[in-house]
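Enquirer: After the structure tokens below, expect a handful of questions from me.
The values are calculated or read from the model by the stated rules, or taken from the named source; none is laboratory data. Keep in mind that what you see is a predicted model, and the values were worked out from it rather than measured. Cβ placement follows ideal geometry from the backbone for every residue including glycine, while neighbour counts extend to all protein chains displayed. Surface accessibility is based on the protein's heavy atoms, side chains included, excluding ligands, DNA and RNA. Shrake-Rupley method; radii C 1.70, N 1.55, O 1.52, S 1.80 Å.
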Amino acid sequence: MSQPSTNKITAAEIIAEYLPTSFQNFLIELGSMLQFFIDFFKNLFKRGFEWNAFIRQCFEVGYRSIGLVSLTAFIMGLVMTLQSQPTLANFGAESWLPGMVSISIVREIGPVITSLLCAGKIASSIGAELGSMKVTEQIDAMEVSGSNPMKYLVVTRILATTLTIPLLVILSDAVSFCGSWVAVNINSTMSAMLFFNKIFATIEYEDLIPSFIKSILFGFAVGFIGCYKGYNSNKGTESVGVAANSAVVTSSISIFLIDMLVVQITNLLY
Amino acid sequence: MDSAIKTGNKTLENNVNSPEYVLEIEHLKKSFDDKQVLNDISLKLKKGENLVVLGKSGHGKSVLIKCIVGLLTPDAGILKVFNKEITDLNKDELTELRRRIGFLFQNSALYDSMSVRENLEFPLQRQDEPLSKEELIPLIEEVLEAVGLLDAIDKMPSDLSGGMRKRIGLARTLILKPAIMLYDEPTTGLDPITSSEISLLILDIQKKYNTSSIIITHDMACAKVTNDRIMVLKEGEFIAEGSYEALENSEDEFVRSFFESTN
């Protein structure tokens with residue numbers, strides 16, 4: 001049998017030799033994220049789900065974001081309507097306003113803006129909290145006591161964001177419609193019944209389903225990246241800030257990437 | 001190693017698998033990038049023994065005990081806890097083993113979002129067969145009484161002083177009734193009176209729970225009170241071993257320097 005050549009160059013050596021360090025670091029980060037993703041799914045199906053921690057996280061992530069999301073959504077709907085109204089009025093198409101605004105909100109602006117807000121508020125807080133637990137050796141303490149920090153800290157947080165962010169998006173859409181109706185009534189008069197009838201006549205399942213799927217993926221991305229950055233932060237006070245900051249940046253970018261992919265896929269399907 | 005004192009790898013190898021020892025380490029090596037932190041470490045820990053490891057900061061003391069508990073993976077060598085090679089264990093076996101090893105972190109590592117009671121309940125509720133609330137109460141009270149802080153049961157970690165945090169950290173590890181205790185600088189950052197109380201507590205725990213302990217420290221008062229045997233670590237290698245009195249009169253200047261600083 002022929003022996004493998006000892007001079008054979010491995011893929012790792014080629015990467016180390018020819019690729020720039022920044023790209024090598026990117027690949028290492030990607031590999032580490034993939035491992036974290038696998039660990040998450042392994043622990044997701046392990047016996048003894050942490051229900052109490054999950055409910056607490058849903059409260060922290062979802063309930064505590066209602067005020068911020070609602071205020072932003074109301075202003076978003078109001079401003080969008082105020083800016084679109086004069087243009088549509090020029091064409092005598094003011095009656096299209098509720099339909100046009102609702103489709104923009106449901107398909108794109110509602111999920112993206114709400115998820116970006118959550119990236120800023122939730123991903124940073126998860127990144128900082130887990131980063132601080134790492135620095136103060138609380139995660140190590142869980143491990144050495146025979147507890148499973150991945151199950152207690154990570155699985156519960158990712159599931160909480162995956163569940164609550166789509167619900168926040170639904171809330172945000174509804175509040176945006178209210179903001180839009182208020183804006184319509186600043187310059188003209190339209191009853192709430194007529195306004196919402198026009199909205200529901202315009203929106204179809206083809207608008208709602210992709211938006212909902214997108215929101216679930218955004219929720220997963222926000223939780224996953226927040227946890228990954230915090231759980232893998234270095235040991236030092238500075239790294240807590242770095243973890244929080246990079247959690248926001250990476251999850252924001254991933255929201256746009258997911259949005260781009262889902263739009264492409266749903267355009268093919270519908 | 002200091003010639004006046006003992007231990008060589010030969011002695012260690014002759015005693016492998018002896019039930020007398022709860023921990024056996026041979027030729028352990030660990031490096032980070034290009035820095036060799038542990039270089040050919042060998043030690044044995046007897047049942048019920050308090051072994052003090054002395055050494056300067058950055059010479060690998062904490063790395064050694066993190067390898068023992070599986071938080072770090074050694075590059076080479078044999079590391080047997082209760083006669084099981086730690087690097088051969090799968091995740092579930094390692095978790096099971098860790099429940100028999102208590103680890104007191106340098107900064108206590110209390111879960112700061114939980115009260116003292118919740119800190120103590122946390123490891124117990126995550127056993128294979130979790131205990132009911134009624135079963136937990138006497139266990140929590142027993143360990144809090146052992147560390148003298150029963151009245152702090154509903155306090156948050158942020159309300160506790162450094163010494164109290166150490167005691168609660170100790171209670172949290174004791175609640176699992178470990179056979180081996182690893183103390184990572186248990187008296188660092190504490191005033192002399194509290195340090196002395198913690199040192200006496202370590203002795204009490206050894207007697208009450210019959211634990212074997214490794215105490216990582218450079219606090220000589222703590223070492224004097226707690227030691228059954230002392231090993232001195234320098235640049236990732238043990239250079240001396242013996243009793244407090246024997247090492248105090250060591251010919252090695254580095255070893256002696258620890259004792260001179262206290263006199």
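Enquirer: Please identify every one of the trypsin sites (Lys or Arg not before Pro) in region B:17-88 that sits in a loop by DSSP and has no more than 16 other beta carbons within 10 Å of its own beta carbon.
Expert: Numbers: sites: B:K29, B:K30, B:K35, B:K44, B:K46, B:K47, B:K56, B:K61, B:K66, B:K80, B:K84; in loops: B:K47, B:K56.
Sparse-neighbourhood loop trypsin sites (Lys or Arg not before Pro): B:K47, B:K56.
Enquirer: Among the lysines, which fall within straight-line cross-link reach of A:K151, defined as a Cα-Cα distance under 20 Å, with same-chain neighbours fewer than 8 residues apart omitted?
Expert: A:K42, A:K46, A:K134, A:K229, B:K91
Enquirer: Here is a follow-up. Counting only protein heavy atoms and rolling a 1.4 Å probe, how much accessible area do B and A lose on contact, total for both sides, in Å² to 100? Could you put the intermediate results ahead of the total?
Expert: Working: alone 12450 and 14930 Å², together 25750 Å².
Interface area, both chains combined: 1600 Å², rounded to the nearest 100.
Enquirer: Right, something else. Per the Cauchy relation, a quarter of the hull surface: what is the mean projected area of the convex hull of the alpha carbons in the protein assembly as shown, in nm²? Mind dumping the intermediate values first?
Expert: Numbers: hull surface 140.0 nm².
That works out to 35.0 nm².
Enquirer: Would you work out the relative contact order for chain B, in percent, from Cα pairs under 8 angstrom that are 6 or more residues apart? Before the final figure, lay out each step's value.
Expert: On the way: 470 pairs, mean separation 70.9, N = 263.
Computed value for chain B: 27 percent relative contact order.
Enquirer: Continuing with the same structure: At a Förster radius of 60 Å, what calculated FRET efficiency corresponds to the Cβ-Cβ distance of A:V182 and A:N234, to the nearest 0.05? Please report the intermediate quantities before stating the final value.
Expert: Values: r = 48 Å, r/R0 = 0.80.
Given R0 = 60 Å and the Cβ-Cβ separation, E is 0.80.
Enquirer: With springs connecting C-alpha atoms under 10 Å apart, model chain B as a Gaussian network and identify which of B:L43, B:L160, B:L104 has the largest mean-square fluctuation.
Expert: B:L160
Enquirer: Now for a different question. Considering only DSSP beta bridges with both partners in region B:9-260, what is the antiparallel share in %, to the nearest 5?
Expert: On the way: 20 of 39 bridges.
The antiparallel fraction comes to roughly 50 percent.
Enquirer: Further, regarding this structure: Would you work out the relative contact order for region A:32-269, in percent, from Cα pairs under 8 angstrom that are 6 or more residues apart? Intermediate results must be reported in sequence, preceding the final value.
Expert: On the way: 314 pairs, mean separation 81.8, N = 238.
Over region A:32-269, the number comes to 34 percent.
Enquirer: Tilt of helix B:133-146 relative to the longest C-alpha principal axis of chain B, in degrees (0 to 90, nearest 10)?
Expert: Computed tilt is about 50 degrees.
Enquirer: Something else: I want the local charge near A:I203. Using Cβ-Cβ distances under 14 Å, sum +1 for each Lys or Arg and -1 for each Asp or Glu among the other residues.
Expert: Numbers: positive: A:R107, A:K198; negative: A:E108, A:D173, A:E204, A:E206, A:D207.
Summing Lys and Arg as +1 and Asp and Glu as -1 gives -3.
Enquirer: Carbon-plus-sulfur fraction of the accessible area of the protein assembly as shown, 1.4 Å probe, in percent? Please report the intermediate quantities before stating the final value.
Expert: Values: 14950 of 25750 Å².
The C+S portion of the solvent-accessible surface of the protein assembly as shown is 58 percent.
Enquirer: Continuing with this model, one more query. I want to verify a result. In a Gaussian network model of chain A, Cα cutoff 10 Å, which of these has the top mean-square fluctuation: A:Q83, A:Q24, A:Q138?
Expert: Among A:Q83, A:Q24, A:Q138, the largest GNM mean-square fluctuation belongs to A:Q24.
Enquirer: Right, next: How long are the three semi-axes of the equivalent ellipsoid of chain A, in whole Å, if each is the root of 5 times an eigenvalue of the C-alpha gyration tensor, listed from largest down?
Expert: Working: eigenvalues 366, 110, 55 Å².
They are 43, 23, 17 Å, listed largest first.
Enquirer: Based on DSSP H assignment, which helices of chain A show an axial Cα extent of at least 30 Å together with a mean Kyte-Doolittle hydropathy greater than or equal to 0.0?
Expert: Numbers: long enough: A:21-44 (34 Å, 0.64); A:66-90 (37 Å, 1.20); A:156-187 (47 Å, 1.29); A:205-231 (38 Å, 0.81); A:237-269 (48 Å, 1.35).
Counting only whole DSSP H runs, the qualifying helices are A:21-44, A:66-90, A:156-187, A:205-231, A:237-269.
Enquirer: To continue, here is another question. Excluding residues on the same chain fewer than 8 positions from B:K29, give the aspartates and glutamates whose Cα lies under 20 Å from its Cα.
Expert: Correct list for B:K29: B:E13, B:D40, B:D75, B:E85, B:D88, B:D184, B:E235, B:E237, B:E241.
Enquirer: Follow-up question, since we're still on this one. Find the Rg to Rh ratio for region A:85-233, where Rh is the Kirkwood radius over alpha-carbon pairs and Rg uses the same atoms.
Expert: Working: Rg = 20.7 Å, Rh = 17.5 Å.
When Rh is taken as the Kirkwood radius, the ratio is 1.19.
Enquirer: Continuing with this model, one more query. Between region B:200-259 and region A:208-270, what is the C-alpha centre distance in whole Å?
Expert: About 50 Å separates the Cα centre of region B:200-259 from the one of region A:208-270.
Enquirer: What per residue convex hull volume, in Å³, do the alpha-carbon atoms of region B:186-245 yield?
Expert: Details: hull volume 5.3 nm³, N = 60.
Enclosed volume per residue, from the Cα hull, is 88 Å³.
Enquirer: Could you check how many percent of all C-alpha pairs in region A:1-144 are farther apart than 18 Å? If you can, show how the numbers build up before the last one.
Expert: Values: 7967 of 10296 pairs.
Tail fraction, whole percent: 77.
Enquirer: May I pose another question? Tilt of helix B:192-209 relative to the longest C-alpha principal axis of chain B, in degrees (0 to 90, nearest 10)?
Expert: Orientation of helix B:192-209: about 90 degrees from the principal axis.
Enquirer: While we're looking at this one, here's another question. Only bridges with both residues in region B:180-263 count here: give the DSSP antiparallel percent, nearest 5.
Expert: Working: 5 of 10 bridges.
Here the share of antiparallel DSSP bridges comes out near 50 percent.
Enquirer: For region B:9-260, what does the accessible surface come to per residue with a 1.4 Å probe? Please give it in Å².
Expert: Ligands and nucleic acids excluded, the result is 43 Å² per residue.
Enquirer: With a cut-off of at most 16 other beta carbons within 10 Å, and DSSP calling the residue loop, which trypsin sites (Lys or Arg not before Pro) in region B:95-163 qualify? Please list them. Intermediate values should be presented prior to the final figure.
Expert: On the way: sites: B:R98, B:R99, B:R100, B:R117, B:R126, B:K133, B:K155; in loops: B:R99, B:R100, B:R126, B:K155.
Counting only loop positions with at most 16 other Cβ atoms within 10 Å, the trypsin sites (Lys or Arg not before Pro) in region B:95-163 are B:R100, B:K155.
Enquirer: Mind checking region A:36-112 for trypsin sites (Lys or Arg not before Pro) that DSSP puts in a loop (not H, G, I, E or B) and that have at most 16 other Cβ atoms within 10 Å? Don't skip to the end; give the middle numbers.
Expert: Working: sites: A:K42, A:K46, A:R47, A:R56, A:R64, A:R107; in loops: A:K46, A:R47.
Answer by residue number: A:K46, A:R47.
Enquirer: By accessible area of protein heavy atoms, probe 1.4 Å, what ranking do A:C178, A:C58 get, highest first? It would help to have the intermediate numbers written out before the result.
Expert: Working: A:C178 60, A:C58 25 Å².
Per-residue accessible area, sorted high to low, gives A:C178, A:C58.
Enquirer: If you don't mind, another one. Buried by at least 30 Å² relative to the chain on its own: which residues of region B:94-115 qualify, computing accessible area with a 1.4 Å probe on protein heavy atoms?
Expert: Residues passing the criterion (a loss of at least 30 Å², heavy atoms only) are B:R98, B:F105, B:A109, B:Y111, B:D112.
Enquirer: In whole angstrom, and with the biggest value first, how far do the Cα coordinates of chain B range along each principal axis?
Expert: 55, 45, 36
Enquirer: Can I ask one more? If the chain between A:N197 and A:A16 were fully stretched, how many nm would it gain, using 0.36 nm times the residue separation less the Cα-Cα distance?
Expert: Values: separation 181, 0.36 × 181 = 65.16 nm, distance 6.15 nm.
Here the answer is 59.0 nm.
Enquirer: So for the protein assembly as shown: antiparallel DSSP bridges make up what percent, rounded to the nearest 5? Let's see the in-between values first.
Expert: Working: 20 of 39 bridges.
Of the beta bridges lying entirely in the protein assembly as shown, close to 50 percent run antiparallel.
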